[in-house]
1. Starting from the amide H of residue 52, placed 1.01 Å from N in the peptide plane, find each other amide H under 5 Å away whose residue is 5 or more places distant or on another chain.
2. If you plug each phi of region 75-92 into the Karplus form 6.51 cos²θ - 1.76 cosθ + 1.60 with θ = phi - 60°, what whole-Hz ³J(HN,Hα) values come out, in order, with x for Gly and Pro?
3. How many lysine pairs does the chain hold where the Cα atoms are under 25 Å apart and the two sit 8 or more places apart or on different chains?
4. Hey, with R₀ at 30 Å, roughly what FRET efficiency would residue 13 and residue 98 work out to, going by the Cβ-Cβ distance, to 0.05?
5. Stretch residue 87-residue 31 to full length: gain in nm at 0.36 nm per residue minus the Cα-Cα span?
6. Hey, got the dipole for the chain? About the Cα centre, +1 on K and R Cβ, -1 on D and E Cβ, debye to the nearest 20?
7. Name the long-range amide H neighbours of residue 8: under 5 Å, sequence gap of 5 or more, or other chain; modelled H, no Pro or chain starts.
8. Taking the structure as given and computing semi-axes √(5λ) of the Cα gyration tensor in Å, which label from [x] 20, 19, 12; [y] 25, 15, 11; [z] 25, 19, 14 fits?
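Quick note: the coordinates plus some simple rules give every number you see, no bench work behind them. These numbers were taken from a predicted model, which means no experiment stands behind them. Glycine also receives a Cβ, built like all others from the backbone with ideal geometry; neighbour counts cover every protein chain displayed.
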Amino acid sequence: MEKLHYSIVLKSMIGPRFGSLLLQIHENAVTGTLELLGHRNRFSGTAFQPGKYLISGSLSTSVEKMEYDAVLYTEEDRLSGGFVTASGCWEVEGFLREKNPLSRAKRAE
């Protein structure tokens, strides 16, 4: 099983939201957790090909729980894609945690 842990930013209609995404890949099955808005949410999905994933889950907020589908792309140390919810579509970007340039800069201070 391959595990990839990303620091992410979700570009929502109310501004950017920072969190993390753990992607666990075993053959064509994908599972993991999305930590966002103070909640840890599990998801599952499918790997269409190396670096391209379709995941589904629910995103908990302090007000509601939203179902989503997302298409994620990974290339080298980057993650990109989009989440589709009943409230709209949101872009997501991220970096592998150990290669995140923002984390390195903070540690150097």
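1. For residue 52, the qualifying residues are 74.
2. 8, 6, 9, 10, 10, 8, x, x, 9, 10, 10, 5, 8, x, 10, 10, 7, 10
3. Lysine pairs meeting both conditions in the chain amount to 9.
4. After rounding, the FRET efficiency stands at 0.45.
5. Computed gain between residue 87 and residue 31 is 17.8 nm.
6. Using Cβ point charges on Lys, Arg, Asp and Glu, the chain gives about 320 debye.
7. 19, 20, 21
8. After the calculation, the listed value that fits is [x].
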